[in-house]
Amino acid sequence: MSEEERDTQHLPAPSLWPIGFAVGVACILVGLVISVPALIVGAVIALVFGFLWVRDLMRAHPVTAAAPGAPAAAPVVTHADVGDNVDRATFLSLATIGVSGLIGAGVTLPVLGFGVLPSFVGDGVETHDVDLGPITNFPEGQYMIATYLENPEQGEVSRRTAFIRNNGSTDAGVPSFTAIFSRCVHLGCPVQPNGPIDEQAKQEVNGVELLPVLAASFGCPCHGGLYDSEGNRSAGPPVRSLDRYEFSIKDGNLILGRLFSVGHVEGVGATARIQKYYMAYPGVHVDGIESWLYPIPTPGSTG
Amino acid sequence: MAATARRQQLQDVALAPLDWVEERSGLVGYTKWFLFRKVPRDITWSQTLGSAALTAFIVQATTGVFLAMFYKPDPVNAYASIQSITEDVTLGWLVRGMHKWGASVFIILMFFHMARAFLFGAYKYPRELNWILGVLLLVSGMAEGFTGYLLPWDNTSYWATVVGININATGPFVGPFLAQFLQGGLSIGPDTLPKFYALHMLVLPGAIMALIGLHLYLVVRLGVSSPPWSRSAAGRERPEAAAGRDGVGEPTTEGESA
C-alpha cells in the first residue's frame, strides 16, 4: 500500500445528499408533531436522499472495498475525479451558504407571508348587513341620506353614507329601491347630493341617521365628478357609474347588503336595468376594453 | 519655552482619551480618513446639497423618535394624541413642527441634490449606480411623506390618503392588490393607521438608512466629480487645458492624440 493510497482511501466523497437527508429527518420530526402529510413528505425526502447518499458511497469506494490488492492507481483516480467536481473547502462554503439560506428563508418567508398574503386572500373585506329601519320612513321618489356605522365595533372609521330612494313597486309588484354608495368612483372621495337637505326632518333609527334631500344629481368635491340621479356619470373624471348596494326587506325593514359596482344604468327607478359587476376599487374600469387591465377581481369582493 | 511645554502637556491630556480609543479601534483614523478626503479644487456650495439632505433626514429621524413616544397609532386616539403633542407636551409644538416642515425640506433638498447631479453630469460613468441608489432614496422619501401624511388622522390626511390609495388602485393588474395591501381591506379601516405607522417609522427609515450607507460608500469610493466647467477632470488636467486652450466644448485633435 503506497503512501498516497493510505492518505486517500478513508476520505469520504464530498456530497450534498446528507443535507437533503437531514432536511428529510427534520421534516419527519416536525411532521410527528404537527401533520401527517409533512411526516410522509419528510419520510420520502429522507429515503430518496439516503438512497442517493449510500449509492454515492458505494460508487466512490468500490475498488478499495472489493479488491484491496487492485492496482494502486484506482483510488487515486477516484479521488481526482471528486476533487475536480467539489473540493472540501468549496463544499463547506456551499453547505454554509445553503444552510444559512434555508434558515434565512425559514425566518423571512412566514413574516413576508403574514405581511403580504392577507391582502391577496381578502382578509378584512367582509361586509356587514345594515338595518335602515322601516321602509315607511322612505317617501316614494325622494332620496334619503342614510349615515351609519358599517361595523360598530370599529367605531367612526367605519362610518358610511348611502343615498336611498324608494321607487315604489316594479311591474311585478315587488318593492324597488335605489341604494347608492356615496364613495366617488373616480378616487374615493365622498359624493354629495346636489340639492337642499331638509335638516328639520332628520330622523335617528337604531343608530342610522336619515336626512331627506331633494337631489337630482350628485357631485364630488375633490375633482368635480358629476353623476345623474341614477348614478351615471354625466361629467368629470369618473370611469363608471356609482356603486350600489344589494338590498332586502325583512319584517318591513330595509336591509342593505353587499356592495357591487355598476357599469351603466339604463332607464330610471323601478324599471332601470343595472349592469352589475363585482365590487371594484374607485378608478377601476369594470366594462369596456379598459377592464382588461384589471383581470382579477379584488379578493373578498366575489365570495 | 515653558509656555509651549505646558501647552503641549495640556494637548496630550485632552487627546489622551482619543488616543486610547484610536489604539484599540482605529476609529479616529477611519473618521479622519472619511471626513478629510481629497475633492476637486473647484467644487462649489452646490456640492453640499447631499449633506444638507442627509442632515434633514437626521433631523426627521431624531424628531420622529421623540414624536413616537407620544403618538398613539389607533383610530380612536390618534387625533387626540397629536393634539396633546401640540398643546400639552413641553416643546411638543416645536418637535412636531420640525418634523412636519422638515419633511418638505428633506424632499426639496433631495430634488435640488438630484438637479445638481443631473446638471453637472455627475450621474455619468462610473457613478451610474449611485444615481440609481439616489432614485431609490427619492422614492423611499416620497413613500415616507405619503405614509406620514395619514398619521395626524384629521380630515385632510384621511381623504388625501383615500385618494392616494385609490390612485395606487388604478395601476394595471397589481393596482387593486397594492391598494388592499396598503389599507388592509376594501376601504380605510382600523388596520390602516397602524400599518402606515409601521411603514413610516420602521420599514421605510430602515430602507433609507441602508440606502444612504450604500450611497455614501460609493461617494467615498468614487470621489466627488468635477464641475462641467472644471479645467481638471477626475484629478487629471484636461488635454485642452494642457494645450493652453480655453477648453470647454472646443474640439481638440492634439489633446486626443496625445
Just to verify a result, which residue in segment A:216-240, among those that are hydrophobic (A, V, I, L, M, F, W, C) and either in contact with a helix residue (DSSP H, G or I) (Cβ under 9 Å, 6 or more places away or on another chain) or buried (at least 20 other Cβ atoms within 10 Å of the Cβ) (or both), is farthest from the other protein chains (Cβ to nearest Cβ)? A:PHE218
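Given the structure, is A:ALA146 surrounded by fewer than 18 Cβ atoms within 10 Å (Cβ to Cβ) and outside any helix (DSSP H, G or I)? Lay out the reasoning, then the answer.
Numbers: surrounded by fewer than 18 Cβ atoms within 10 Å (Cβ to Cβ): no; outside any helix (DSSP H, G or I): yes.
Judged against the criteria, A:ALA146 is not a match.
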Tell me which residues, restricted to segment A:262-281, are hydroxyl-bearing (Ser, Thr, Tyr) and either assigned to a loop (DSSP other than H, G, I, E, B) or within 14 Å of chain B (Cβ to nearest Cβ) (or both). A:TYR277, A:TYR278, A:TYR281
Is there any pair linking a residue in segment B:218-235 that is at pLDDT below 85 to one that is assigned to a helix (DSSP H, G or I), with Cβ under 8 Å and at least six apart or on different chains, and which? B:ARG231/B:ALA241; B:SER232/B:ALA241
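Kindly establish whether A:VAL185 is at pLDDT below 90 and either within 14 Å of chain B (Cβ to nearest Cβ) or in a strand (DSSP E or B) (or both). Spell out how you get there, then give the answer.
Numbers: at pLDDT below 90: no; either within 14 Å of chain B (Cβ to nearest Cβ) or in a strand (DSSP E or B) (or both): yes.
Judged against the criteria, A:VAL185 is not a match.
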What tally of residues in segment A:176-194 results from selecting those that are crowded, with 16+ Cβ neighbours inside 10 Å and over 20 Å from A:MET279 (Cα atoms)? 3
If I go through segment A:282-301 residue by residue, how many of them are out of contact with any strand residue (DSSP E or B) (no Cβ under 6 Å at 6 or more places or on another chain), within 12 Å of another protein chain (Cβ to nearest Cβ) and either surrounded by fewer than 15 Cβ atoms within 10 Å (Cβ to Cβ) or in contact (Cβ under 8 Å) with a residue 24 or more places away in the chain (or both)? 13
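For (1) under 30 Å from the mean Cα position of the chain (by Cα); (2) surrounded by 14 or more Cβ atoms within 10 Å (Cβ to Cβ); (3) without any contact (Cβ under 8 Å) to a residue 12 or more places away in the chain, each residue gets a yes or a no:
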{"residue": "A:ARG165", "(1), (2), (3)": "no, yes, no"}
{"residue": "A:VAL174", "(1), (2), (3)": "no, no, yes"}
{"residue": "A:LYS202", "(1), (2), (3)": "no, no, yes"}
{"residue": "A:GLY207", "(1), (2), (3)": "no, no, no"}
If a residue has to be surrounded by 10 or more Cβ atoms within 10 Å (Cβ to Cβ) and not in a helix (DSSP H, G or I) to count, how many in segment B:1-40 make the cut? 4
Taking segment A:202-215, which residues are of a type in the set (Gly, Ala, Ser) and in contact with a helix residue (DSSP H, G or I) (Cβ under 8 Å, 6 or more places away or on another chain)? A:GLY207
Only residues in segment A:145-163 that are more than 18 Å from A:CYS184 (Cβ to Cβ) and facing chain B (nearest Cβ under 8 Å) count as the first member; pair them with residues that are of a type in the set (A, V, I, L, M) and surrounded by fewer than 16 Cβ atoms within 10 Å (Cβ to Cβ), Cβ under 9 angstrom, at least 6 apart or cross-chain, and list the lot. A:GLY155/B:VAL76; A:GLU156/B:VAL76; A:VAL157/B:VAL76
Just give me the residues in segment A:246-261 being of a type outside the set (Val, Ile, Thr), assigned to a strand (DSSP E or B) and surrounded by fewer than 18 Cβ atoms within 10 Å (Cβ to Cβ), in sequence order. A:GLU246, A:SER248, A:LYS250, A:ASN253, A:GLY257, A:ARG258
Looking only at segment B:191-231, and only at residues there that are out of contact with any helix residue (DSSP H, G or I) (no Cβ under 7 Å at 6 or more places or on another chain) and outside any helix (DSSP H, G or I), the one that is nearest to the other protein chains (Cβ to nearest Cβ): B:ASP191
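Would you mind stating whether B:PHE146 is among the hydrophobic types (A, V, I, L, M, F, W, C), in contact (Cβ under 8 Å) with a residue 24 or more places away in the chain and more than 10 Å from chain A (Cβ to nearest Cβ)?
no
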Taking segment B:154-190 and keeping only residues that are within 9 Å of chain A (Cβ to nearest Cβ) and assigned to a loop (DSSP other than H, G, I, E, B), one is left with B:THR170, B:GLY171, B:PRO172, B:PHE173, B:GLY184, B:GLY185, B:LEU186, B:SER187, B:ILE188, B:GLY189, B:PRO190
Unique match (being loosely packed, with under 13 Cβ neighbours inside 10 Å, assigned to a helix (DSSP H, G or I), touching a Phe, Trp or Tyr at 6+ places or on another chain (Cβ under 7 Å) and free of Cβ contacts under 8 Å to residues at least 40 places away in the same chain) among A:VAL107, A:VAL116: A:VAL116
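The values are calculated or read from the model by the stated rules, or taken from the named source; none is laboratory data. These numbers come from a predicted model, not from an experiment. Positions of Cβ are generated from backbone atoms using ideal geometry, with glycine treated the same way; all protein chains shown enter the neighbour counts.
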